[in-house]
């Protein structure tokens, strides 16, 4: 844990690089650290600023580590830094690395792209009500191609160039549609190249892989499903999804 004075010194050293003299530094305090930037020189009221778009950094309160950030408001940087910090432990390191390579990052939002996809595929999706969980999953992971490793099958999340696959969805819904275990038609969120087979999410947020040979359970939510897809060589049967979550 570092103090505010230490943060000020670290920021001053970092932001004074390339200058003949130490620069005056402004700090914005928030729970996880300080946003720091070079304090602009005072100018006459009718004069343009001496510089724009200067560098801003965050000094981490716990470690003293410095990260660079774009020229947005200090409060916005603090919010983004806090969100990224909260996401850091969301996935195990190996899974996080696979998802990052695919293009995912904390706070990813492709809702505009997904809204266009929903409109474009409206006819194909008409019989498959989209739950809030499915919408949230696609708005964050839509368009990703997850590659678990060499020799492993890829998972593609919609939208994909060749349209929506729903060949197994109706049969799956009919098999498990009862109030105790299922209750509702699943929504297609992507497909896996093994088969290929559909990846669907039911109204309760559970994720399944509908393979032509048999159906598999991937997880009780999108995060658990992604961990399974990135790690598993063998998937549990679909009936495992109807057991209580551990």
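Overview of values
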read-out	value
Test: residue 98 is buried (at least 18 other Cβ atoms within 10 Å of the Cβ) and more than 17 Å from residue 215 (Cα to Cα)	yes
Yes/no for residue 65 being on the phi < 0 side of the Ramachandran plot, out of contact with any helix residue (DSSP H, G or I) (no Cβ under 7 Å at 6 or more places or on another chain) and modelled with pLDDT of 90 or more	yes
Listing of helices (runs of 4 or more DSSP H) fully contained in segment 121-208 that carry 3 or more residues being surrounded by fewer than 20 Cβ atoms within 10 Å (Cβ to Cβ) and modelled with pLDDT under 95	122-125, 169-176
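The values are calculated or read from the model by the stated rules, or taken from the named source; none is laboratory data. None of the values given here were measured: they were computed from a predicted structure. Don't worry about glycine lacking a Cβ; one is built from the backbone with ideal geometry, like all the others, and counts go over all protein chains shown.
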